[in-house]
1. Among the residues of the range 171-182 satisfying the criterion of being over 11 Å from SER143 (Cβ atoms) and modelled with pLDDT of 95 or more, which is nearest to the chain's Cα centre (by Cα)?
2. Tell me, which residue of the range 58-79 that is more than 19 Å from the chain's Cα centre (by Cα) and among the hydrophobic types (A, V, I, L, M, F, W, C) is nearest to GLY197 (Cα to Cα)?
3. Could you list, in sequence order, the residues of the range 80-101 that are touching a residue at least 60 places away in the same chain (Cβ under 8 Å) and over 17 Å from the mean Cα position of the chain (by Cα)?
4. Has the range 185-197 got at least one residue that is more than 19 Å from the chain's Cα centre (by Cα) and closer than 30 Å to THR284 by Cβ?
5. Which residues, taken from the range 223-236, are closer than 18 Å to LEU167 by Cα and either in contact with a Gly (Cβ under 8 Å, 6 or more places away or on another chain) or surrounded by fewer than 19 Cβ atoms within 10 Å (Cβ to Cβ) (or both)?
6. Quick check on the range 113-134. Is at least one of its residues in contact with a helix residue (DSSP H, G or I) (Cβ under 7 Å, 6 or more places away or on another chain) and under 22 Å from THR220 (Cα atoms)?
7. If the Cβ limit is 6 Å and pairs must be 6+ apart or interchain, which residue in the range 224-237 that is basic (Lys, Arg) pairs with which residue that is part of a loop (DSSP other than H, G, I, E, B)?
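The values are calculated or read from the model by the stated rules, or taken from the named source; none is laboratory data. In this text the structure is predicted, and so the values were computed from the model without any measurement. Positions of Cβ are generated from backbone atoms using ideal geometry, with glycine treated the same way; all protein chains shown enter the neighbour counts.
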Amino acid sequence: MIEIKVIKKFILILIHFDYQTILENMLKKIKQFIILGRFHTPTGALLLAWPCTWGIAMAKPDLKNLIFFSLMLVIGSFIMRAAGCAWNDILDRNIDKKTSRAKHRPIAAGKLSITEGIIFIFIMLFIGFLILINLSIPAIIISLISIPLIVIYPLTKRVTFFPQVWLGITFNVGILVGYSCISENYPNISVIILYIGAIFWTIGYDTLYAMQDYHDDLLTGVKSTAVKMHEYSGIFAAFSYIICTIIFCTAFILNDLNPLAIIIIIILGIWQILHALQTKIKDTSKFVSGFNKSNICGFYIWVVMISDLYMLN
């Protein structure tokens, strides 16, 4: 008799349960996790992904391996970028509260707790691990070496005016990983040169991106190349693009890229250089557009490399 009463009570609870509110709260929470991982703004993840695809193309794979490993590393780029963003938001939560662009981020705004952020990071790392075990041993080793770089990056803006250099070193490890996935060896000289060029590429586009936080960074004490260079930030970014274009061409020539492809790479470099030169510290409309232009260039560089691999030769 007691058991029947318990069952009836349980059924009544289920009937009167506010499922709609629960569902709405779940969807709100999921939305915050999407924002935490920046899945709603894919440009940053793509800027991490293109170097991976370049590294794969440098190894001159067959079409099957090109498609498989490109998909793997692009997905991995989104996952690892999400983990990195969550880690950055946890460390920078107090700074973000004072920054107009970042104050609405889930952890800074109190919409997600630090514990929830850490759980999110571990979930992303687990998914990343599932991708990692499908790679070659050299690629796995290089990937593992990059993890401390990711962990340290958010702290660099507290101690140096050049965190963009550290970001470039970290963000472009995918070139080395991509090459090693196909070759199953450690990178050769042309791949290492391409990696160095990509570091300058990242310094260029992230300097333009940092310009949007210039005034907030002056108030919060956050360091960046934009804070250091002031009104010369656009020129500094252009100089970085010049260096990266020269180094890119050197790497591609060593890797026997078609002369027509080299010319296209130079044109893409000039496009980025000119935009950077035209961007002043007060031109708020151009900061993100320069960032987006580099993303487009990253895609075009990959297309050029694939075209050279399968059509131009």
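1. My answer is ASN172.
2. Top of the filtered list is MET58.
3. LEU91, ASP92, ILE95, LYS98, THR99, SER100, ARG101
4. no
5. Passing the criteria: LYS223, LYS228.
6. Yes: the range 113-134 contains one or more residues that are in contact with a helix residue (DSSP H, G or I) (Cβ under 7 Å, 6 or more places away or on another chain) and under 22 Å from THR220 (Cα atoms).
7. From the range 224-237, the pairs are LYS228/PHE161.
Listed here are the residues, each with its yes/no results for (1) assigned by TED's automatic domain parsing to the domain that holds SER224; (2) surrounded by fewer than 18 Cβ atoms within 10 Å (Cβ to Cβ); (3) of a type in the set (D, E, K, R).
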{"site": "ILE247", "(1), (2), (3)": "yes, no, no"}
{"site": "ASN255", "(1), (2), (3)": "yes, no, no"}
{"site": "ASN258", "(1), (2), (3)": "yes, yes, no"}
{"site": "ASP283", "(1), (2), (3)": "yes, yes, yes"}
